[in-house]
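J.: Just passing along the structure, written as structure tokens.
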Amino acid sequence: VGVEQLVRAAQRGDPAAMDALVRALAPYVGRICGAIALERGDDAMQETFIAVLRNVRALREPAALHGWVRRIAVREAVRAASGTATPFPAGVEPPPLDPVDVASALDVRTVLASLAPEHRAVLVLRDIDGLSEREVAGVLGVPEGTVKSRLHRARAAFARRWGQ
Amino acid sequence: VTVPPTPGMPPGPPGHGGRGWPVASLDPIGRARVLAATVPSAAWTEGVLDAPYDATWAWVSDLERSVPLFDTDVRRLRVTSRSDEADALRLRVVATSFGIPVPFDVRLEDGFCLMRAVARIFLVVMAAVPEDGGQRTRFFHMEAVPLPGTASVRRRLQRAVEADFANLSRIAADL
């Protein structure tokens, strides 16, 4: 069964199709929520799918599903992550990281955790999802310049870590 | 959240396609909670059964035996056909409830069971995950009439799922 048919059936309220849609989208949503919300990723994923299924009737064009789900997942992941203590708020340059051993230096999670959720969202959309800076700006509802600066900060944090 | 291993491929910095990045997951109970929050009239209960996960799910998965024992509204359940899929077992069952035989399509996985009446008038979801290292079982049970305008039946369904869960708890103590 194609995703388009699943969307149509889910819009008619078929619970089996709703569950099948969740299973089909889970790998993608899991990557977004995991990278942005970190330890709150599972909660963000659950909230994403609740929002997706509650609003699926509003999705007029099933072909737009992917982008629509992406927006919801990013919003829920940032919201979930923002509910926890964020080491460095958005717009504040994180301090240089302490020297660490090689294993820790390769710990993506450590670097991600040093960034604000909004910065992680930019990284995920740009580097995992492959969106352009303009597209990222559209998903997040921020100016393209903001995306550029967040991306610069996020990549700088990784560069410092990997440059050691 | 788990970080899936990528053999031979250490985690990479941005621009490497996200290898080694944290990935969130939705376990069977998470899937069931999503349906409970979005299907009209859904009534559900969740709790921990004092029985090992493997034994509990093996017992629950034997629907012909288990459902009539813990669901007092179901007198009998018969599997009429089965087919294996890559990630699930698909069954057609007939549950006899209040003297009426009701056919259901069933999707049965490890830790997840979705039973939808063929006429689409009734839905049952059961989900389970190991608790305490598998020594106990977190169990989720949901019933719904997945049709618009059925919110009024929710209270009746809530009593039913709570009674079912109480029966399951008693049965689990002997597993």
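The values are calculated or read from the model by the stated rules, or taken from the named source; none is laboratory data. Remember, it's a predicted structure, so these values are computed and weren't measured experimentally. Cβ atoms come from the backbone with ideal geometry, glycine included; neighbour counts cover every protein chain shown.
J.: Would you be able to say whether some residue in the range A:14-26 is farther than 26 Å from B:Val145 by Cβ, modelled with pLDDT under 95 and among the acidic types (Asp, Glu)?
T.: Checked against the condition, which is being farther than 26 Å from B:Val145 by Cβ, modelled with pLDDT under 95 and among the acidic types (Asp, Glu), the range A:14-26 yields no hits at all.
J.: Pull up the range B:103-151, narrow it to residues that are more than 14 Å from B:Leu63 (Cα to Cα), of a type in the set (Gly, Ala, Ser) and crowded, with 19+ Cβ neighbours inside 10 Å, then point me to the one that is nearest to the other protein chains (Cβ to nearest Cβ).
T.: Per the criteria, the residue is B:Ala144.
J.: Name every residue in the range B:41-63 that is of a type in the set (Ser, Thr, Tyr) and at pLDDT 95 or above, in order of residue number.
T.: Narrowing the range B:41-63 to residues of a type in the set (Ser, Thr, Tyr): B:41, B:45, B:53, B:56, B:61.
If the condition is that a residue be of a type in the set (Ser, Thr, Tyr) and at pLDDT 95 or above, then B:Thr45, B:Tyr53, B:Thr56, B:Ser61 are the ones that fit.
J.: Also: When only residues in the range B:33-72 that are within 9 Å of another protein chain (Cβ to nearest Cβ) and part of a helix (DSSP H, G or I) count, which is surrounded by the most Cβ atoms within 10 Å (Cβ to Cβ)?
T.: B:Leu35
J.: Can you name every residue in the range B:111-139 that is assigned to a loop (DSSP other than H, G, I, E, B) and in contact with a helix residue (DSSP H, G or I) (Cβ under 9 Å, 6 or more places away or on another chain)? I'd like the intermediate steps shown before the answer.
T.: From the range B:111-139, those assigned to a loop (DSSP other than H, G, I, E, B) are B:111, B:118-122, B:135; that's our starting set.
Selection gives B:Gly111, B:Arg120, B:Gln135.
J.: Of the conditions (1) of a type outside the set (Phe, Trp, Tyr); (2) at the interface with another protein chain (Cβ under 7 Å from one of its Cβ atoms); (3) within 23 Å of A:Ala154 (Cβ to Cβ), A:Val29 satisfies every one except a single condition; which number is it?
T.: For A:Val29, the failing item is (2).
J.: List pairs: first in the range A:108-135 and away from chain B (no Cβ under 11 Å) and farther than 17 Å from A:Ala80 by Cβ, second outside any loop (DSSP other than H, G, I, E, B) and among the β-branched types (Val, Ile, Thr), Cβ under 9 Å, 6+ apart or cross-chain?
T.: A:Leu131/A:Val139; A:Glu133/A:Val122; A:Glu133/A:Val147; A:Arg134/A:Val147
J.: Is there a residue in the range A:60-70 that is within 13 Å of another protein chain (Cβ to nearest Cβ) and crowded, with 19+ Cβ neighbours inside 10 Å?
T.: Step one: of the range A:60-70, the residues within 13 Å of another protein chain (Cβ to nearest Cβ) are none.
No, because not a single residue in the range A:60-70 is within 13 Å of another protein chain (Cβ to nearest Cβ) and crowded, with 19+ Cβ neighbours inside 10 Å.
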